[in-house]
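The values are calculated or read from the model by the stated rules, or taken from the named source; none is laboratory data. Owing to the predicted nature of the structure, the values given are computational and were not obtained by experimental measurement. Protein only, heavy atoms only, side chains kept; ligands, DNA and RNA dropped before computing areas. Shrake-Rupley method; radii C 1.70, N 1.55, O 1.52, S 1.80 Å.
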Amino acid sequence: MYSQKSTPSSVPPPIYGQPPPGPPYVAGVSASSLVSQTSWSSGLCDCCLDVPNCCITCWCPCVTFGQIAEIVDNGKTSCGFHGTLYALINVLSGCGCMYACFNRTKMRRQYGLPEVPSNDCCVHFCCGPCALCQEYRELQHQGFDLSIGWEGNIHRSTMTNIGVQIPPTALGGMSR
């Protein structure tokens, strides 16, 4: 009776019972994660920007790794624990880079950093000390003082932020 002309659409009709399409996939990374990523504050080979940390990392990487891991882990485990575990894995198997690469992945996800110049395991396997120095500098750029640990940073931030105070704890309960 009535004829309607329909214009062809470039979008295919929905298929019933199927979930809607997700964000596009580009080179193995979803487009939604590309939007939220920021770049590293320094390059992988910029170790000499912080010479004392560079020296400590070259001679005793377990110290730098422990400091980084405590901050990335939000203080759930101590610097000493992470550093000792890193040293033991390195001494017993020579694969401390595997432990460090998982920590780098966790840090990248927390701060929205890209996985460059290669994947985290390759970076730690080929350039372990450089990767640790870069992670250390990045956490400093984020406002952390790695020498005082997680608790020290929390205390420092509560002391400098007026209005953000932790209430005192009552010990023992009510007594007369």
So for the range 83-129, using the alpha carbon gyration tensor with a ≥ b ≥ c as root eigenvalues (a/c under 1.5 gives rounded; past that, a/b versus b/c decides prolate or oblate), I'd call it oblate
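Please give the per residue accessible area of the range 103-142, computed with a probe of 1.4 Å over protein heavy atoms only, in Å².
Numbers: 1770 Å² over 40 residues.
I get 44 Å² per residue for this part.
Expressed in nm to one decimal, what extension gain is obtained for the pair C121 and T158 from 0.36 nm per residue of sequence separation less their Cα-Cα distance?
Between C121 and T158, full extension yields an extra 9.8 nm.
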